[in-house]
Every structure is written in C-alpha cells, then in structure tokens.
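The block underneath contains the structure these notes are about, expressed in structure tokens.
The values are calculated or read from the model by the stated rules, or taken from the named source; none is laboratory data. Everything numeric in this text was worked out from a predicted model, so none of it was measured. Cβ: placed from backbone, ideal geometry, glycine included. Neighbour counts: every protein chain shown.
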Amino acid sequence: MQRLTTIVFACVTLLMTLTLLAVMAHRQGWLDVPPAYDAARVAQARQAIHHLAAQWVQKDALARADGWTYTVDVGELLIAAALARDADTYQHLRAFCLAHLIQNDPSRPDTRDMVLWRYQPGSPPDASGTTEALRVARGLWYGGARFHRPQDRDLAHQILRAYLRHQTVEQGVWLIRNYYNFGTHAFATNSFTIDYDPDLLAEVGRATGDADLLQAATKSYAVVRSAVAPCGLIYDVIQPEVTTIIPDMPPVFGPNDIVQISNSASIVEHAAQGLPGVARPVLTFALRRLPDLHLFFLGRSGAEPFRRPCGPEGYTALLRLAVHLGDQAAVRRLAPYVADQALAFAAHPYAPKPFLISELWLALEVVSHGH
C-alpha cells in the first residue's frame, strides 16, 4: 500500500511538473512550430497580394494614413510589377514616378533627376530620398529589361547619376548624404546604411560603362563592410561628425548599440552579390532564432535590449536575402512565414498598408522569379 501511494504521488508530481513546463513553454514560445513549406500556398499568397496591390495602384490608393505617398513604397511596388511582368501596374507606377517623384524642373538644375522621398498633392517638394532613388532606379532598370523599354534603363541611369551628387567626404569618410533639402539648397551631413545599393550600382555601371557608378559601387561595398557589428548584424547610422567630439568613436554605429534585423537584412540584400560573406551571417543570425524571431538586438552581443516580435518587414527582407544568396533551404524555411503573413494581410489589410503590401509582394515575386 505504501509503495502504491509513493507511485501515485510520483505520478501526480510528474503530471504537475509537465503541466507547469507546458504553460511556461507556451508563454515563452518554446513549442512554437514553424509553418511547413507549401509551394501551392506560397503561390496563392503571391496571387492574392498581386491582385490587391494592382487594385490599389490602379485606384491611386498608395497614400499612408498621414496623407503622404512614400516613395519607398512606390519603388518596391515598381520592382515587384517588373518582376511579375505586370505591364499595366508597372506603367501606372512609372507614370506616377514621372509626374510626382522624379524631378525635372528646368529652373532647378540642382535637383534634376533626384527623387522625392514622399509626395502629397498641394505640398511643395521638400527633400530628395536616397534609398528611394535606388528603389525607383532598380524598378525602372528591371522594367526596361522585361518590357523592352531602353528609355526606362536610361532613366534609371540618370537617377543613379543624380544619386551620386549626394556623395561627399566627411572627416575622411566617404558617404552618400541622406537627402538634399530643396528649401535650404543644402545636403544633410549624415547617412544611413540603408541608403546604399552597391549591387545595383555595379550592375548598371558595368552595363553602361559608367566608371563613376563602378567607383561608387566599390566605395559602397566598403561602407557596408565597415558597418558590420560584432554580432554579425549591420549598424544603421553613419555620422562622421561624432569623431570631432569623441575621436575614438567609430563613425558607423547604432543608437545605444541597437540594430534592427529588418534593416540589416535589407542592407545586405542589396550587397549580397559583392559581399556574400557579409550577407550570410545576417541570414544565419535570423535562422538560428526561428520561430521566435525578434526585431531588435545589441550590436556588440546579439542580446535583445527589449522583446518586440519581428513582423513582415523583417521576414520579407530575410526571404529576399535568402533568394539572393541562393540558399534554397533558407527560402523553404522563410517562405511559409511570408505566405501566412501575406494571406492574413490580403484578408484584413492593416497599417502601414502601402509599405507592407510593397514588402510582401516584392518578396513573393523575388521567390517566384528571382532577382
């Protein structure tokens, strides 16, 4: 009888322990099961997002909640439309870029072929956007090839030439200044590592024989390489002026040493052809943390300063990065997350709608058609 009581007590204790562990596992996400790869579901997600994006473009419904249309959204939609060979959507976006974003005012030669960072009807142009120029140029470059429009490739080249007018040397550091202020006729003094696309500069430079683009591509690769944090992710801020007050501080850093996985993936996505050894660790860092991936990390240690789950902006950039690196195993791990996010978004869109649909559609088209 005593032995039976002992066995019952042991079983109850084990059951309580397993229950406690199950509760803890649920709260901590230890038992989260990643979605399985399903090619048909990925295709379904691409079709749903493509259909919704095309509708919004045709209705000119690309403004965010604050009333501004942000060029980064338009540029990524333009790239996606080119990859999808959706001529109607591409032409509509191209017309919008020519009418509202790409500057061609004869009285302002200082802004010619620059690209606005945002647009709102009735508001005067305020500043150029460098990341934005790169995305629009890439869209036109792809569209020119897919729709047999050499004039679009020429325009992409012109935009990149205007992008180069943002380059300078500050405290011995070459950089692309973040923007040109149309009101003050002055450039910013800072830069962000998201403002670089050395793979595009190299591709267009080789195709056109433009030595200036090729030189800028080489320098841009060096910028990205200099921004690698000890944890393998990429710092965001380039501010050489800080060395005037803190001489030993690196000019590339993250605020409070914080780096963001979505930015890191997007930065190296556009340098993966030239710097695969820099791009690969970013992808590996993220894959090791699935399915419980978060957004922010400390550059020195890789620890989380606070816990904020990674959203579609991170998974989409990582998926594109996996494609650019030719890592099919990573594609199969990441694509289900993006497919689920895309189908959920298509059913119930949420803010910022134009940004999220551009990220989702582009990622799914890159998976389907490559880059």
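Quick notes on this structure:
- Some residue of region 222-230 being outside any helix (DSSP H, G or I) and surrounded by fewer than 19 Cβ atoms within 10 Å (Cβ to Cβ): yes
- Test for residue 213: is it closer than 25 Å to residue 261 by Cα and surrounded by 20 or more Cβ atoms within 10 Å (Cβ to Cβ): no
- Selection status of residue 139, over 21 Å from the mean Cα position of the chain (by Cα), in contact (Cβ under 8 Å) with a residue 12 or more places away in the chain, crowded, with 19+ Cβ neighbours inside 10 Å and over 21 Å from residue 182 (Cα atoms): no
- Candidates 154, 110 - the one that is part of a helix (DSSP H, G or I), in contact (Cβ under 8 Å) with a residue 40 or more places away in the chain, under 28 Å from residue 181 (Cβ atoms) and of a type in the set (Asp, Glu): 110
- Entry remark, region 185-203: residues being closer than 19 Å to residue 276 by Cα and not charged (D, E, K, R) number 7 in total.
- Matching residues in region 199-243 - criterion: being modelled with pLDDT of 95 or more, over 20 Å from the mean Cα position of the chain (by Cα), of a type in the set (Ser, Thr, Tyr) and within 30 Å of residue 298 (Cβ to Cβ): none
- When each of 64, 94 is tested for being at pLDDT 90 or above, of a type in the set (D, E, K, R), farther than 27 Å from residue 333 by Cα and in contact with a Phe, Trp or Tyr (Cβ under 7 Å, 6 or more places away or on another chain), the lone residue that passes is 64.
- Test: residue in region 352-370 that is among the polar types (S, T, N, Q), buried (at least 21 other Cβ atoms within 10 Å of the Cβ), out of contact with any His (no Cβ under 6 Å at 6 or more places or on another chain) and in contact (Cβ under 8 Å) with a residue 60 or more places away in the chain: yes
- Subset of region 99-117 (residues that are of a type outside the set (S, T, N, Q), more than 21 Å from residue 62 (Cα to Cα) and crowded, with 17+ Cβ neighbours inside 10 Å): 113
- Residues in region 150-160 that are of a type outside the set (S, T, N, Q) and either surrounded by fewer than 18 Cβ atoms within 10 Å (Cβ to Cβ) or closer than 17 Å to residue 118 by Cα (or both): 150, 154, 159.
- Filtered by the rule that a residue be in a helix (DSSP H, G or I) and in contact with a helix residue (DSSP H, G or I) (Cβ under 8 Å, 6 or more places away or on another chain), region 157-198 gives 157, 159, 160, 161, 162, 163, 164, 193, 194, 195, 198.
- Selected residue [more than 21 Å from the chain's Cα centre (by Cα) and either in contact (Cβ under 8 Å) with a residue 12 or more places away in the chain or not in a helix (DSSP H, G or I) (or both)] from 53, 80, 43: 43
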